[in-house]
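Comments concern the structure below.
The values are calculated or read from the model by the stated rules, or taken from the named source; none is laboratory data. Because the structure is a prediction, the values reported are computed rather than measured. Using ideal geometry, Cβ is built from the backbone for each residue, glycine included, and neighbour counts are taken over all protein chains shown. Remember, those area values only see protein heavy atoms, side chains included, never the ligands or the DNA or RNA. Shrake-Rupley method; radii C 1.70, N 1.55, O 1.52, S 1.80 Å.
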Amino acid sequence: MKPLISNMRDMLSAGQEDIVKGYIDTFSCTVCNDDGETKLLNSDIERFLNQNAIQFAKMKTAITYLVLDEEDGALLGYFTLTHKPLTIPADGLSRKIKDQLKRFSKLNEEDNTYTVSAFLLAQFSKNYGIDNGMRISGDMLMNIALELLQDVQDKVGGTIVYLDCESDASLISFYENENFRLFGERISEKDNKRYLQYMKFF
């Protein structure tokens, strides 16, 4: 059974801000292990949804999509999309990727980088507050996000989606299994945290 996808901006425009906040209140990134111990997986994911998602949607800075159970309407997860210029270092890229980039970007020989317009998967998470995140798989949530992007791609173009993730073995394994390729890293100016950067042609 395919989940329902709700565009937060559409809900806000329809006067459903209280409903949106109700969904947000059910979201958690805290997972319980078999021993009953709890672990907060990512505070940034929770903080964004609680503090930024509504305002960003109103301003059209980034649009959050709520993924809902078709039967009872429970929030299964969410993801946030936007569109930004992306700088990709040429060093370390395969010839195949360079050939793909050359179709819509020119190499800046001064700093040996490509600058492209790309979709950013800015936030992405299951809701561990519902059945400990077991109602939806990460693969299904990713497929939903990419299907939505493909629909946008058919209307306006675009070939690259990218994301930042913490240097966590389970996250790295998940994104690489989804055919994202590491192309760089960045240090957050806000918290001085190191993030790995992954991209995918689609």
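Report, by residue number, each residue of the range 5-64 that is at pLDDT 95 or above, more than 21 Å from Asp131 (Cβ to Cβ) and among the charged types (D, E, K, R).
Once the filter is applied, which keeps residues that are at pLDDT 95 or above, more than 21 Å from Asp131 (Cβ to Cβ) and among the charged types (D, E, K, R), the range 5-64 yields Arg9, Asp10, Glu17, Asp18, Lys21, Arg47, Lys58, Lys60.
Among (1) touching a strand residue (DSSP E or B) at 6+ places or on another chain (Cβ under 9 Å); (2) surrounded by fewer than 17 Cβ atoms within 10 Å (Cβ to Cβ), there is one condition Lys96 misses while meeting the rest; what is its number?
(1)
Let me spell it out: the conditions are (1) open to solvent by 60 Å² or more (accessible area, probe 1.4 Å); (2) touching a residue at least 12 places away in the same chain (Cβ under 8 Å); (3) of a type outside the set (Ser, Thr, Tyr), and Asn108 meets all of them except one. Which number is the exception?
Only one criterion in (1) open to solvent by 60 Å² or more (accessible area, probe 1.4 Å); (2) touching a residue at least 12 places away in the same chain (Cβ under 8 Å); (3) of a type outside the set (Ser, Thr, Tyr) is unmet by Asn108, namely (2).
Do we find that Gly92 is outside any strand (DSSP E or B) and not basic (Lys, Arg) in this structure?
Numbers: outside any strand (DSSP E or B): yes; not basic (Lys, Arg): yes.
Judged against the criteria, Gly92 is a match.
With the requirement that a residue be surrounded by 13 or more Cβ atoms within 10 Å (Cβ to Cβ) and either part of a helix (DSSP H, G or I) or of a type in the set (A, V, I, L, M) (or both), what does the range 54-66 give you?
The answer is Ile54, Phe56, Ala57, Lys58, Ala62, Ile63, Leu66.
Among the residues of the range 1-46, how many are closer than 19 Å to Lys126 by Cβ, assigned to a helix (DSSP H, G or I) and either touching a His at 6+ places or on another chain (Cβ under 7 Å) or open to solvent by less than 90 Å² (accessible area, probe 1.4 Å) (or both)?
Qualifying residue count, the range 1-46: 9.
With the requirement that a residue be open to solvent by 20 Å² or more (accessible area, probe 1.4 Å), more than 20 Å from Ile160 (Cβ to Cβ) and in a strand (DSSP E or B), what does the range 112-148 give you?
Residue satisfying the conditions is Lys126 alone.
Is there a residue in the range 172-192 that is among the basic types (Lys, Arg), in contact with a helix residue (DSSP H, G or I) (Cβ under 8 Å, 6 or more places away or on another chain) and under 24 Å from Asn112 (Cβ atoms)?
Yes: the range 172-192 contains one or more residues that are among the basic types (Lys, Arg), in contact with a helix residue (DSSP H, G or I) (Cβ under 8 Å, 6 or more places away or on another chain) and under 24 Å from Asn112 (Cβ atoms).
What are the pairs with Cβ atoms under 6 angstrom where one residue, in the range 181-202, is in a strand (DSSP E or B) and the other, located anywhere, is open to solvent by less than 50 Å² (accessible area, probe 1.4 Å) and at pLDDT below 90? Sequence gap at least six, or different chains.
Here the result reads none, with nothing in the range 181-202 linked to a residue that is open to solvent by less than 50 Å² (accessible area, probe 1.4 Å) and at pLDDT below 90.
Among what's in the range 72-86 and is without any contact (Cβ under 8 Å) to a residue 60 or more places away in the chain and more than 29 Å from Asp131 (Cβ to Cβ), pick the residue that is least open to solvent (accessible area, probe 1.4 Å).
So the residue we want is Thr82.
What's the number of the condition Asp72 fails, among (1) out of contact with any Gly (no Cβ under 6 Å at 6 or more places or on another chain); (2) outside any loop (DSSP other than H, G, I, E, B)?
In the conditions (1) out of contact with any Gly (no Cβ under 6 Å at 6 or more places or on another chain); (2) outside any loop (DSSP other than H, G, I, E, B), Asp72 misses (2) alone.
Given the conditions (1) under 15 Å from Lys200 (Cα atoms); (2) among the charged types (D, E, K, R); (3) open to solvent by less than 40 Å² (accessible area, probe 1.4 Å), and given that Asp69 satisfies all but one, which numbered condition is not satisfied?
Single failed check for Asp69: (1).
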